[in-house]
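The structure appears below as structure tokens.
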């Protein structure tokens, strides 16, 4: 239920601001700032009329790597295709010492047949 008795503050000597700022000077200050901003923009456009159109949008120098991705999905697809191709193909790792990369399926079959030194063999 709503209280019908007036509430007594804990500190009856405490006060608060009873008036607000006058709105007219605040509005004039705000309007003056906007007008000053508009005048500054107009003065810059009047003083330098050709600055917006004379900018070349072509790159003069390529930025150094790494660059931002333009198409992340395409980059990921190319990365995965390259890794998949490497996993499933033969190529030299060290031709001088006779080290060759073999496809992953063939490598797993060899490991199953021969095992790994130091690991226990599978029980038949």
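The values are calculated or read from the model by the stated rules, or taken from the named source; none is laboratory data. Source: prediction; values computed, not measured. Positions of Cβ are generated from backbone atoms using ideal geometry, with glycine treated the same way; all protein chains shown enter the neighbour counts.
Annotations for the structure displayed:
- Within segment 52-94, the set of residues being closer than 30 Å to residue 106 by Cβ and under 24 Å from the mean Cα position of the chain (by Cα) comprises 75, 76, 77, 78, 79, 80.
- Subset of segment 50-90 (residues that are surrounded by 10 or more Cβ atoms within 10 Å (Cβ to Cβ) and modelled with pLDDT under 90): 51, 69
- Residues within segment 64-99 that are touching a helix residue (DSSP H, G or I) at 6+ places or on another chain (Cβ under 7 Å) and part of a helix (DSSP H, G or I), tallied: 1
- Matching option when the condition is assigned to a helix (DSSP H, G or I) and modelled with pLDDT of 95 or more, among 38, 107: 38
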